[in-house]
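Comments concern the structure below.
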Amino acid sequence: MLDQILELEFAYLATFTTRHDREWGILFLNPDQPAYYDANHAHVHKLVESPDKVVEEVLSFYKKVNIIPRFYIHNPAEQPALLSELKSRGFGYEELTGPVQLWNQKVVKLDKNEGISIEEVTEANFQEALEIECSIEEIGGRAVREKALKEEFSHPAYQHFLLRFNGVACSTACIFAQGSQARMESVATLEEYRGKGLIGHIIQHIQQEVQKQGFENLWVFPINERVEKVYSRYGFDTIMKLTTGHAFLGGKSITEIQNR
């Protein structure tokens, strides 16, 4: 199960950043998006035997392109030597524990709302979807989403959807597909339209599309506990919790960004 989750995660990352495989994990790089954490980091998912050499390799790799070195460390409790090496070199460090949820294959039942309509994102409505996503700091804000959405829109693995409420574009979500697996991403609603139950309708639409297109599973991760509770109301079950270490040699922690 964990290998399947990581495979889906790496496939997702590879759609907007370049993957460089190493014995200990993967280096991800997108110099056109230097502020996008997920596009520029070393992902460690195997036991590191020579922490000093690995840290030196990562430092050299990112400093050549003037990008802050970052590590995402899977199962950090199993990497004490690596964590010690990073801290000795001045890296900031935080641990993030997030639920992994899997849809139970039952499309959520909701009362019909005549004011709601949902459509696929096309060139005609792309700018409306972009403005929604750029307004949401939790998914990166304009600094990240302006370029990222353009890349996703042109990539065949993504399908983006736009929800209108009384004609106003106010919510988005997308399906990322990898083989028989689907992942729900970029769920966003304008702040002034939150609390109206709109998220349930766009999730329902995603579920219907996943069924219609014959995907085996629909996943959501990484998410926080607040989002976990919301999605649990719409047929998503928490199957595990992943703890990831984030080591960074500058800039803000992910916790700081999420709490802004």
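The values are calculated or read from the model by the stated rules, or taken from the named source; none is laboratory data. Everything quoted here is computed from the prediction, not taken from an experiment. We place every Cβ from the backbone using ideal geometry, glycine too, and count neighbours over all the protein chains shown. Protein only, heavy atoms only, side chains kept; ligands, DNA and RNA dropped before computing areas. Shrake-Rupley method; radii C 1.70, N 1.55, O 1.52, S 1.80 Å.
Things worth noting here:
- Residue among 62, 72 that is touching a His at 6+ places or on another chain (Cβ under 6 Å) and open to solvent by less than 30 Å² (accessible area, probe 1.4 Å): 72
- Qualifying residue in segment 244-253 (condition: farther than 25 Å from residue 10 by Cα, open to solvent by 70 Å² or more (accessible area, probe 1.4 Å) and either in contact with a helix residue (DSSP H, G or I) (Cβ under 7 Å, 6 or more places away or on another chain) or not in a strand (DSSP E or B) (or both)): no
- Only one entry of 65, 55, 100 meets the criterion of being over 20 Å from residue 16 (Cβ atoms), free of Cβ contacts under 8 Å to residues at least 60 places away in the same chain and among the aliphatic types (A, V, I, L, M), and that entry is 55.
- Qualifying positions in segment 166-187 - more than 24 Å from residue 103 (Cβ to Cβ) and open to solvent by 40 Å² or more (accessible area, probe 1.4 Å): 166, 167, 168
- Applying the set (1) out of contact with any Cys (no Cβ under 8 Å at 6 or more places or on another chain); (2) modelled with pLDDT under 95; (3) surrounded by fewer than 17 Cβ atoms within 10 Å (Cβ to Cβ) to residue 141 leaves exactly one unmet item: (1).
- Pairs are defined by a Cβ separation below 9 Å, a sequence spacing of at least 6 or placement on different chains, a first member in segment 208-233 that is open to solvent by less than 30 Å² (accessible area, probe 1.4 Å) and modelled with pLDDT under 95, and a second member that is part of a helix (DSSP H, G or I) and hydroxyl-bearing (Ser, Thr, Tyr); the pairs so defined are 223/231.
- Hits in segment 25-46 - residues which are within 14 Å of residue 72 (Cβ to Cβ) and open to solvent by 20 Å² or more (accessible area, probe 1.4 Å): 29, 36, 37, 38, 45, 46
- In the condition set (1) within 22 Å of the chain's Cα centre (by Cα); (2) open to solvent by 50 Å² or more (accessible area, probe 1.4 Å); (3) at positive phi, residue 3 is compliant with all but (3).
- When segment 131-182 is filtered for residues that are without any contact (Cβ under 8 Å) to a residue 60 or more places away in the chain and charged (D, E, K, R), the ones remaining, listed by number, are 131, 133, 142, 145, 146, 150, 164.
- Condition met for residue 202 (open to solvent by less than 20 Å² (accessible area, probe 1.4 Å) and either touching a Gly at 6+ places or on another chain (Cβ under 8 Å) or in contact (Cβ under 8 Å) with a residue 60 or more places away in the chain (or both)): yes
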